[in-house]
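Inspection log for the structure reproduced underneath, given as structure tokens.
The values are calculated or read from the model by the stated rules, or taken from the named source; none is laboratory data. Everything numeric here is computed off the predicted structure, so don't read it as measured data. With ideal geometry, Cβ positions are generated from the backbone for all residues, glycine too; neighbour counts draw on all protein chains shown. Keep in mind that these areas ignore ligands, DNA and RNA; they rest on the heavy atoms of the full protein, side chains included. Shrake-Rupley method; radii C 1.70, N 1.55, O 1.52, S 1.80 Å.
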Amino acid sequence: MKEVSFIRQNMEKWKSLESVVDRNSEEHPERLADAYLEITADLSFSRSHYPRSRITVYLNNLASALHHSLYGNRKESRSRIFSFWKTEVPLVMYASRKELLYSFLIFLTGVAVGSLSTLNDDLFARLILGNGYVDMTLENIRNGDPMGVYKDMSPAGMFFYILINNVRVSFTIFLFGVLTGFGAGFMLFYNGVMIGAFQTFCFQQQAGLESLLAIWLHGTLEISAVIVAGAAGLAFGNGWFFPGTYPRGYAFRRGAIRGLKIAVGTTPVFVFAAFVESFLTRHTETPDVIRGGFILLSLAFVLYYYIYLPEQLSHGPSKTQNPVLQSTDV
């Protein structure tokens, strides 16, 4: 990249980071941290390509000022971990809103394919879900307990099994982003096909309502987190596939950091979803209105945390000075 293009592309961002230094006492510690990471990345790039340029001196001075602002205010930081989920994850989600939309659409397409295929082929559910699982579900339906599968294990053992599996799926989808996003897209599509096939199969067996109330009691959070993990994978892959005006390797690293933050941010959601699936979903005798209300509350949380809150934070009074958004757009 030519030096003039590098300067023109980043000057507005650097000016906003100067404002962060000027207002360091008013900025959240995580914003200072992200600003410092961003400017040091630009400084490293400048040192490699324009070692004797004045812009390298300027970036070095700005990085030093941010370093002082960050570590001079360390005592003000109460909890970096808390602020990560309170502010940083929502802001990264806003920067990745397109990837989130694409992830949702890919998953929804998979659900539609799974549902339509099951309607048109009696053997499709067995192909996707396996003969053993389908036969077990049919046996549970005949015994009057369609969702009896959730009662087969002890709650504690089931919790750890589901949690490990869900986190594994999440990070697998994220890491599949290294295949330029197509790997993450395939994983999302396949999971959607499984959901669509199973739900349609249950409706065919006159157990549709019970399956909805049982599965989505935990699935509202669990499936939403999978879709968010898909956005992480797409962000990871797009950094390499669509680098924009950045060098491909640099854009790839930026996409990887953004995707990793999103993937890590889903962990508490998976933990709670695993708890619900292990300890609550098994109680199919719970009144439908209570289970339906819990599903709506879970949906409200997902919409608030992953859509409404990112929008609000991104359009707050410090939007033009927000280094998280500046550093995550690829």
Q) Filtering the range 19-48 down to residues that are of a type in the set (D, E, K, R) and crowded, with 19+ Cβ neighbours inside 10 Å, which residue is modelled with the highest pLDDT? A) ASP42
Q: Mind listing whichever residues of the range 127-157 are within 29 Å of the chain's Cα centre (by Cα), under 19 Å from LEU213 (Cα atoms) and surrounded by 18 or more Cβ atoms within 10 Å (Cβ to Cβ)?
A: MET147, TYR150
Q: Examine the range 153-176 for a residue that is under 20 Å from LEU105 (Cβ atoms) and among the small types (Gly, Ala, Ser), and state whether such a residue exists.
A: yes
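Checking the conditions here, which among PHE203, PHE124, PHE182 is of a type outside the set (Val, Ile, Thr), under 20 Å from the mean Cα position of the chain (by Cα) and open to solvent by 20 Å² or more (accessible area, probe 1.4 Å)?
Only one candidate passes the filter, namely PHE182.
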Q: Please go through the range 278-307 and pick out each residue that is over 23 Å from ILE141 (Cβ atoms) and open to solvent by less than 40 Å² (accessible area, probe 1.4 Å).
A: GLY293, SER298, VAL302, TYR305, TYR306
Q. Out of the range 206-225, which residues are open to solvent by 10 Å² or more (accessible area, probe 1.4 Å) and either farther than 19 Å from PHE294 by Cα or in a loop (DSSP other than H, G, I, E, B) (or both)?
A. GLN206
Q.
I'd like the full set of residues that are over 17 Å from TYR190 (Cα atoms), open to solvent by less than 10 Å² (accessible area, probe 1.4 Å) and either in contact with a Pro (Cβ under 7 Å, 6 or more places away or on another chain) or modelled with pLDDT of 90 or more (or both), limited to the range 93-107.
A. MET93
Q. What are the residues in the range 257-277 that are under 15 Å from TYR161 (Cα atoms), in contact (Cβ under 8 Å) with a residue 60 or more places away in the chain, open to solvent by less than 30 Å² (accessible area, probe 1.4 Å) and not acidic (Asp, Glu), if any?
A. PHE270, ALA273, ALA274
(Q) Looking only at the range 281-294, how many residues end up being touching a Leu at 6+ places or on another chain (Cβ under 9 Å) and more than 12 Å from MET147 (Cα to Cα)? (A) 5
Q: Filter the range 142-174 down to residues that are assigned to a helix (DSSP H, G or I) and touching a Lys or Arg at 6+ places or on another chain (Cβ under 8 Å) and give me whichever is nearest to ILE227 (Cα to Cα).
A: TYR150
Q) What do you reckon, is SER64 assigned to a helix (DSSP H, G or I), closer than 30 Å to PHE279 by Cβ and at pLDDT below 85? A) no
